[in-house]
1. With the calculation restricted to Cα positions, what are the radius of gyration and Dmax of the stretch 1-151 in angstrom?
2. Let me spell out the model: positive unit charges on the Cβ of Lys and Arg, negative unit charges on the Cβ of Asp and Glu, origin at the Cα centre of the stretch 192-281. What dipole size does that give, in debye rounded to 20?
3. Rank-order 176-184, 202-210 by packing density, defined as the average count of other C-beta atoms within 10 Å over each peptide's residues, highest first.
4. Taking R0 as 25 Å, what FRET efficiency do you get between ASN142 and ASP103 from their Cβ-Cβ distance, rounded to the nearest 0.05?
5. Given a Förster distance of 35 Å, report the FRET efficiency between VAL302 and ALA124 from their Cβ-Cβ distance, rounded to the nearest 0.05.
6. Which order do the peptides 229-237, 14-22, 281-289 come out in when sorted by mean C-beta neighbours inside 10 angstrom, highest first?
7. So what's the net charge close to LEU14: Lys and Arg +1, Asp and Glu -1, counting the other residues with Cβ under 9 Å from its Cβ?
8. Between SER170 and ALA292, take the C-beta separation as r, use R0 = 22 Å, and let me know the FRET efficiency to the nearest 0.05.
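Just so it is clear, none of the values below were taken in a lab; they were calculated from the coordinates. What you see is a predicted model; the values in this text were computed from it and never measured. In this analysis, Cβ positions are derived from the backbone assuming ideal geometry, glycine residues included, and neighbour counts consider all displayed protein chains.
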Amino acid sequence: MILRVPRPQSDAILGAMRAIALAHGEEGVADADRQTIAAAAQIVLGRDPGDADSVTPRDPQQLAATMLSPDDARQAIRMLAVLSLADGRVDAGKTALVQQFADALGVDEEYLRILAETAAGEVAQAAACIVRKNAESFPHLNTTGIDHDAIAPFLPYREAPDAQLEARYSALGELPHGSFGRAFHEHFVSHGFAFPGNPAGLAEGFTTPHDSSHVLSGYSTSQLGELCVSTFIGAMHPDHPMSAEVLPVLFSWHLGIHLNDIAGAATGYFEPRRFWTAWDRGAAMSTDIVAADWDFWGATEVGLDELRAQYDLPPAAAELLA
């Protein structure tokens, strides 16, 4: 449960979500919106999922009157923003209402401007901002030149291979079975991924924390799995979680907006229960493995299950892993 708030406050958040769901006209609440609100009620707020159908829509001032802390306000607006995209489109009415709620709660974050740009048809500008924020959120990734070539920072070894670095990662295969490092090695080998340093490998500053998140969380590299693992990272890592992690995957694999050639584009991979579970698990992490001071190499010899316990990573039912 992400938000441990009193019932009147969770009622107001659910009511605000319902207001967003109703903001696109006279069509009523879409099934995708209803499922997203119900899953958020249960997983994020610790409520019965049926409570989502019984709440009264709330306006921005009514929600603002219940907020107990700035962090609660930020989390609430992020939930509303996710809901605004649940039906697979960027709806101008929903986006405008999310902004009204944000204004009432004093929340001013970059992702709100990205949503507004997208709703206004400025998709290329919004996409460029998302790609830049995503890259900048990884502290050891050199983002020089990203505004000119969005892919180049992720593929530095094409022109400058590092055989010594590649060998160091390859040697993780000699660690005992059950260790985090051995699991990391097997993750790369089983998927045919090139290690950092190889000309075909992704930048160490990106792929090491990103794929460590796959290994620790148990999420696959399918499009649904990538959506979940980026949501997990966004909830764990505080550097622009929405614009750097959550929006990129929702845009790429739910809305079908092409951000770059690495991600590609598809639709329909947002599943509310898996999404909110990934958010909840990331928020519970006591160690941020994307942070600049996380010691990947020190963690490699620790048992995978032991590391999950050390980091307070909640387990997930098999059907909620992707």
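1. In Å, with Rg to one decimal and Dmax whole: 16.5, 51.
2. Numbers: 3 positive and 8 negative charges, 47 e Å.
So the dipole magnitude of the stretch 192-281 works out to roughly 220 debye.
3. Values: 176-184: 17.8, 202-210: 22.0.
Going from most to least packed, we get 202-210, 176-184.
4. Numbers: r = 37 Å, r/R0 = 1.46.
According to the calculation, E is roughly 0.10.
5. Working: r = 44 Å, r/R0 = 1.25.
So, using R0 = 35 Å, E works out to roughly 0.20.
6. Values: 229-237: 26.7, 14-22: 24.7, 281-289: 19.2.
In decreasing order of mean packing, 229-237, 14-22, 281-289 become 229-237, 14-22, 281-289.
7. Working: positive: ARG18, ARG47, ARG58; negative: ASP11, ASP51.
Summing Lys and Arg as +1 and Asp and Glu as -1 gives +1.
8. The formula returns an efficiency of 0.30 here.
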